[in-house]
Amino acid sequence: QKLEKYCDITARQLYDRYKFQSTAIAKQFPLLMSGLWEDSENLKPNDTIASVIKHGTLGVGFIGLAECLTALTGKHHAESEESQKLGLEIVGLIHECCENYSERYDLNYSVLATPAEGLSGRFTRIDQKEFGTILGVTDREYYTNSNHVPVWYKCTAEQKAKIEAPYHAMTEGGHIFYIELDGDATHNPESVEAVVDLMDKYNMGYGSVNHTRSRCLDCGFENADADLKECPVCGSKNIDTIQRITGYLVGTTERWNNAKRAELRDRVTHIGGDNGIKGA
């Protein structure tokens, strides 16, 4: 009942925002309304954009499924089949709600498996203040991205795929499956091919291979050493380290917020087993 209640609040907030956005007129967005949005080329400069943005998606997102399941059952979905079953029921209910909202509001509502970069730390701080430190729930600086296996939990790539794949069919607004690679992907193309094969095998919509790139900003030397402090070629300490935070690269990790940097420190690699990833 609580989950449905907050889904309803979210859906109404999204609808109210959509109605407000619909009052804008085409000439406020000359590039977008020049044909980039479907049917926008038919709008006159002073027409509202309501008929165009109705094609967009209103996303109901969630984070922290792993922590939620730990709070409810004592184990997250990678540790227990019962927890995985409950996790699928929870996200399934959100998906069902979104289907109902699509009918009620005549708009495209969908579930978004979001990383919520800012909220992942903010929500945790709020809960720590209210509930204290709970092992496996509020004992870190962040909540886990959407329905992901916790970044600190050691498992093979295939195990991770089996657990996360079923959620992709229910999170039509966006999702990602990633593998953390220990090493330089440029010298290990088989590992990338193996991830693509896993995505195909388990019918996942979007995937990524994470690997670190450290670069000397003076001479251009690169490698995969996350702790590179001094360039072995020119001796410069002007080093830029790039990592993938969610579905994109965001420059040096120094620009990440504290919660996401804490998540980065906790990440473990996904190797071994029968996942076909060699030399990782």
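Which of the following values of Rg and Dmax of the Cα atoms in Å was calculated from the structure shown: (1) 23.4, 74; (2) 20.4, 68; (3) 21.5, 63? So the calculated entry is the one marked (3).
Given a cut-off of under 8 Å on Cα pairs at least six residues apart, what relative contact order in percent is computed for segment 54-174?
37 percent
The charge dipole of segment 1-120, taken about its Cα centre with unit charges on the Cβ of Lys, Arg, Asp and Glu (plus for the first two, minus for the last two), comes to roughly 480 debye.
For segment 157-244, the solvent-accessible area of protein heavy atoms averages 49 Å² per residue (probe radius 1.4 Å; ligands and nucleic acids excluded).
Between residue 73 and residue 25, the contour length at 0.36 nm per residue exceeds the Cα-Cα span by 12.3 nm.
Could you pull out every whole DSSP H run in the chain that spans at least 15 Å of Cα extent along its own axis and averages -0.5 or higher on the Kyte-Doolittle scale? Correct list, ordered by number: 189-201. Dipole orientation for the chain: of the candidates 86, 191, 108, 108 has the Cα lying most toward the positive pole (charges on Cβ; Lys, Arg +1; Asp, Glu -1). With K and R counted +1 and D and E -1, the other residues having a Cβ less than 14 Å from that of residue 70 yield a net charge of -3. A Cβ-based charge dipole, computed about the Cα centre of the chain with Lys and Arg at +1 and Asp and Glu at -1, lands at about 840 debye.
Between their Cα atoms, which of 5/160; 85/154; 5/27; 85/201; 160/229 are more than 27 Å away from each other? Going by Cα-Cα distance, 5/160; 5/27; 160/229 fall outside the 27 Å limit. Between residue 226 and residue 81, the modelled labels are 3.3 nm apart [label points 7 Å from Cα along Cα→Cβ].
The lysines whose alpha-carbon is closer than 22 Å to the alpha-carbon of residue 129, local same-chain residues fewer than 8 away aside, are 2, 260. Among 138, 114, the sequence by solvent-accessible area, most first, with a 1.4 Å probe is 114, 138.
With a 1.4 Å probe and every protein chain left in place, work out the accessible area per residue of segment 1-93 in Å², rounded to a whole number.
Values: 5740 Å² over 93 residues.
Averaged over the residues of segment 1-93, the accessible area is 62 Å².
Here r is the Cβ-Cβ distance between residue 125 and residue 217 and R0 is 41 Å; the resulting FRET efficiency, rounded to 0.05, is 0.75. Accessible surface of the chain, 1.4 Å probe: 50 percent of it comes from carbon and sulfur atoms. To the nearest 10, the accessible area of residue 167 is 0 Å² with a 1.4 Å probe.
In percent, how large is the relative contact order of the chain, given Cα pairs closer than 8 Å and 6 or more residues apart?
16 percent
The values are calculated or read from the model by the stated rules, or taken from the named source; none is laboratory data. Just so we're clear, the structure is a prediction, and the values are computed from it rather than from any experiment. We place every Cβ from the backbone using ideal geometry, glycine too, and count neighbours over all the protein chains shown. Note: areas computed on protein heavy atoms with side chains; ligands, DNA, RNA excluded. Shrake-Rupley method; radii C 1.70, N 1.55, O 1.52, S 1.80 Å.
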